Amino acid sequence: MAYKFCICTVLLALSTGCNDNKGSDSKFISIDEFEQQVFDSVGEQAINCGKVDINDSPFLVNTCVSDSFIINTPFYAIYIQQGIDSSVVSAFAMNSSGVVEYWTYDSDISGGSNRESRVTSLICEDPSVAFDLNDVNLNVIECSS
């Protein structure tokens with residue numbers, strides 16, 4: 001009878017340990033939450049230039065980004081690409097002060113145990129519009145650093 005108690009105790013400990021691991025994923029954010037972070041960085045007045053899904057042409061979104069940047073109007077755009085084992089998302093956003101940010105997100109939850117390891121945001125220094133707005137270029141805004 002004592003061995004049954006030991007087995008039950010071990011199984012309970014293992015299942016509790018598994019439940020604790022699930023709790024560590026509580027900081028995981030979805031692509032929708034990432035998009036909301038980008039939107040929040042520029043506010044409601046910004047133009048939503050759209051989202052480029054995997055294998056879609058970025059031309060129309062790039063045109064909107066380029067035009068908005070040139071006329072100094074706040075905007076944001078989302079680009080989704082297929083990574084090796086996850087979806088990788090990037091975004092460009094410009095706020096009403098003309099500050100351009102380049103965002104990245106990786107949906108792979110094993111990429112780290114907190115948000116900072118999967119979401120990055122960098123201020124684009126000396127932004128300019130890319131010379132080639134074609135069907136494959138996802139970097140419509142070029143940054144000097």
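Each reported figure results from applying straightforward, stated rules to the coordinates on display, with no laboratory input. Quick caveat: nothing in here was measured; it's all calculated off a predicted structure. Cβ: placed from backbone, ideal geometry, glycine included. Neighbour counts: every protein chain shown.
Brief remarks on what is shown
- Taking amide H positions as modeled 1.01 Å from N, with prolines and chain starts lacking one, the residues under 5 Å from GLY83 and 5 or more places away or on another chain are VAL88.
- Taking each residue as 0.36 nm, the span from GLN45 to SER57 lengthens on full extension beyond its C-alpha to C-alpha distance by 1.8 nm.
- Value of D in µm² per second that Stokes-Einstein yields for the stretch 29-142, Kirkwood Rh from Cα pairs, at 4 °C (1.567 mPa s): 91
- Charged-residue dipole, Cβ positions (Lys, Arg, Asp, Glu), the stretch 29-142 about Cα centre, Debye nearest 20: 100
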